[in-house]
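Trainee: Encoded as structure tokens, here's the structure I'll be asking about.
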Amino acid sequence: MIESFCNGELEIKWKCGEGSGSGNGNGSSSSSSAGVDLSGALDHLRRLNNSVKNKTIIVDGYLPNETVPVIRYQGKDTPQGFATGFQTVQHKTYHTVFSSKEKQQLCIIMMLRFLGAAGSRLDLQSDIMSSLVDGLIKMCREHKQYNDIVYAKLCLADTAFNKGFDKTILKVVNVGEALESAKRYGEAGEIYCEVTNPEKYVQIPSAPAQALHGFAGLAFKRAQDYVRAEEEYVTALRTSGDDWDRHIQLGSYGFSFSNDSGQTEGTLANMMIFYEIVHRAVTSGLKDDNEHMRMQRACHLLVGLLSVAGYRHPGNTMFEDPQIVQMCQDAIKSEYKSSAEIAMKRVVHATMAPTIDDYHQRLLDCMDGDEYLFMTMYSPEEKAEMQADLLEDQKRKSKESARDVIDDMVQVDSFRIR
């Protein structure tokens, strides 16, 4: 029966309006495995005028040839918040046979199919629609149905764009975060990149391009697409402007950020954490092509320049090893070792390059000598162990990252270090 609810024919009747018994906006139709056809029934919903606040929605799901619903969903906006509930009491058989978990899963299935077919055309206010989806997402979390969370947020994003709700970019960002919760990091990265395009989406202050490019860098790093990750981190810093170091205080107490709201600081920190991962990947032999070796060289030159500038961050352990710091400083020209300000200006200058190739060339221009070779003499057994450690570390962090998103610990206007 659950399989029928998922993929078979499903009849849905609903009521939308001030009260569950008001009779406002009734409609019904049937569906096939390809989706739910609700076009005729939507005429009732369109008749709702502004006097109806749309604070209540009732959805009943029927199997073919059934006269009573298998399950009913009820959502109502109250002063205490949006209340979500479901029941099977109308159908005596399924009410008795199904466990509470199975009933909740049926509710999720029915509502996701309903919203996928009609969500973008429902006459529901934006806050009610968001609350409805949030309630479904909470159910999905309880059952670890993370791909269903993605689908629910896709429905919400579709509704937001089609209805013209405010902050539509944030709805798409929510889809990206939902994809991360399902550990579909590459897809999330693509979404974060797409919404930075002002020709496609209206940009809003609460989702600045710098932060979104940084999110993309994190997502591509988790997907182990290090080439795309580097491009996004550098783009995020470039988006900050050619004076992004204005937020940095260089004094006797070292390197610190001020008046930055965490974005530039977080981007730089995340990029240097990423570069250490690339360094480990190349050193262990996991990545041994020229493109990744070029990234490793960029890592060492940045560690050299930033260490001269006084930069330290606990996320990148290379700064904590005096021998590595000295080796990286030895790789840069003497004129860039003369002051913290000069070293920092060279880092900013590199990130302002119009392409990733130009960025690498600007860093290469800081190198002392015509060649740079970082030799690591490890046995095949040692490299295999290093690879295993790196992959296990990334797997663990991937799980932690997904859990953070699921628990709503990450906000769009914050920076994320993972």
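The values are calculated or read from the model by the stated rules, or taken from the named source; none is laboratory data. For clarity, every value in this text was computed on a predicted model and none was experimentally measured. Cβ atoms come from the backbone with ideal geometry, glycine included; neighbour counts cover every protein chain shown. Please note that ligands, DNA and RNA were not included when accessible areas were found on the heavy atoms of the full protein model with its side chains. Shrake-Rupley method; radii C 1.70, N 1.55, O 1.52, S 1.80 Å.
Trainee: Is there a residue in region 183-203 that is hydroxyl-bearing (Ser, Thr, Tyr), over 20 Å from Thr84 (Cα atoms) and under 11 Å from the mean Cα position of the chain (by Cα)?
Mentor: yes
Trainee: Scan region 95-110 and give yes if some residue there is free of Cβ contacts under 8 Å to residues at least 12 places away in the same chain, more than 17 Å from Glu11 (Cα to Cα) and outside any helix (DSSP H, G or I), otherwise no.
Mentor: Yes, region 95-110 contains at least one residue that is free of Cβ contacts under 8 Å to residues at least 12 places away in the same chain, more than 17 Å from Glu11 (Cα to Cα) and outside any helix (DSSP H, G or I).
Trainee: Also: Within region 125-140, track down each residue that is at pLDDT below 85, open to solvent by 10 Å² or more (accessible area, probe 1.4 Å) and not polar (S, T, N, Q).
Mentor: Asp127
Trainee: Within region 86-101, is there a residue that is touching a Cys at 6+ places or on another chain (Cβ under 9 Å), closer than 20 Å to Ala152 by Cβ and not β-branched (Val, Ile, Thr)?
Mentor: For region 86-101, residues touching a Cys at 6+ places or on another chain (Cβ under 9 Å), closer than 20 Å to Ala152 by Cβ and not β-branched (Val, Ile, Thr): present.
Trainee: Take residues that are touching a residue at least 60 places away in the same chain (Cβ under 8 Å) and closer than 26 Å to Ala209 by Cβ and tell me which of the helices (runs of 4 or more DSSP H) falling wholly in region 267-383 contain 2 or more.
Mentor: 290-308, 340-351, 356-364
Trainee: Related question: Which residues, taken from region 69-93, are open to solvent by less than 50 Å² (accessible area, probe 1.4 Å), farther than 16 Å from Leu136 by Cβ and among the aliphatic types (A, V, I, L, M)?
Mentor: The one that is open to solvent by less than 50 Å² (accessible area, probe 1.4 Å), farther than 16 Å from Leu136 by Cβ and among the aliphatic types (A, V, I, L, M): Val70.
Per-residue answers, yes or no, for (1) surrounded by fewer than 16 Cβ atoms within 10 Å (Cβ to Cβ); (2) modelled with pLDDT of 90 or more; (3) in contact with a Phe, Trp or Tyr (Cβ under 9 Å, 6 or more places away or on another chain); (4) closer than 18 Å to Asp225 by Cα:
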site	(1), (2), (3), (4)
His247	no, no, yes, no
Tyr253	yes, no, no, no
Thr283	no, no, yes, yes
Pro322	yes, yes, no, no
Gln326	yes, yes, no, no
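Trainee: What are the pairs with Cβ atoms under 7 angstrom where one residue, in region 173-184, is touching a residue at least 60 places away in the same chain (Cβ under 8 Å) and of a type in the set (Asp, Glu) and the other, located anywhere, is part of a loop (DSSP other than H, G, I, E, B) and open to solvent by 10 Å² or more (accessible area, probe 1.4 Å)? Sequence gap at least six, or different chains.
Mentor: If the second residue must be part of a loop (DSSP other than H, G, I, E, B) and open to solvent by 10 Å² or more (accessible area, probe 1.4 Å), the pairs left are Glu177/Val410.
Trainee: Can you pull out every residue in region 69-87 that is under 13 Å from Trp14 (Cα atoms) and of a type outside the set (Phe, Trp, Tyr)?
Mentor: Within region 69-87, Pro69, Ile71, Arg72, Gln74, Gly75 qualify.
Trainee: In region 304-317, how many are under 30 Å from the mean Cα position of the chain (by Cα) and surrounded by fewer than 21 Cβ atoms within 10 Å (Cβ to Cβ)?
Mentor: 5
Trainee: So Lys183 clears everything in (1) touching a Lys or Arg at 6+ places or on another chain (Cβ under 8 Å); (2) closer than 30 Å to Lys395 by Cβ; (3) in a helix (DSSP H, G or I) except one condition, right? Which one?
Mentor: (3)
Trainee: For residues in region 149-163 being under 17 Å from the mean Cα position of the chain (by Cα) and open to solvent by less than 50 Å² (accessible area, probe 1.4 Å), which is farthest from Lys101 (Cα to Cα)?
Mentor: So the residue we want is Ala157.
Trainee: Could you tell me whether any residue of region 42-52 is out of contact with any Lys or Arg (no Cβ under 7 Å at 6 or more places or on another chain) and either closer than 26 Å to Lys103 by Cα or modelled with pLDDT of 80 or more (or both)?
Mentor: Looking through region 42-52, none of the residues is out of contact with any Lys or Arg (no Cβ under 7 Å at 6 or more places or on another chain) and either closer than 26 Å to Lys103 by Cα or modelled with pLDDT of 80 or more (or both).
Trainee: Before we move on, is Asp166 surrounded by fewer than 23 Cβ atoms within 10 Å (Cβ to Cβ), at pLDDT below 85, outside any helix (DSSP H, G or I) and not hydroxyl-bearing (Ser, Thr, Tyr)?
Mentor: In short, yes.
Trainee: Output yes when any residue across region 67-89 is modelled with pLDDT of 70 or more and among the acidic types (Asp, Glu), and no when none is.
Mentor: yes
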